[in-house]
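The values are calculated or read from the model by the stated rules, or taken from the named source; none is laboratory data. As the structure is a prediction and not an experimental result, all values here were calculated from the model. Note: ideal-geometry Cβ built from the backbone for every residue, glycine included; neighbour counts use all protein chains shown.
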Amino acid sequence: MTEDIFDLQDELKEAEINLKAVEEKLVDHDILVLRREELKEQITEVKRLISNHPDNKGER
């Protein structure tokens, strides 16, 4: 009986460790997604600035 409790406690600890690892990966993923969106916005802004630049207007 006591052995079963220890086995369950070990399983619980392992599950908690796995959960924490998954949560950390989700946070890392969310950070990467946000960073990707920021970079896309920056690229769009740079393209807009390039297309509106006076030196670029004469070439069209």
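Among the candidates Q42, Q9, single out the residue that is over 25 Å from the mean Cα position of the chain (by Cα), modelled with pLDDT of 95 or more and of a type outside the set (K, R).
On the way: Q42 fails: over 25 Å from the mean Cα position of the chain (by Cα).
Criteria check complete, one pass: Q9.
Mind checking which residues of segment 31-60 are polar (S, T, N, Q) and surrounded by 10 or more Cβ atoms within 10 Å (Cβ to Cβ)?
Filtering segment 31-60 for residues polar (S, T, N, Q) gives 42, 44, 51-52, 56.
Within segment 31-60, Q42, T44, S51, N56 qualify.
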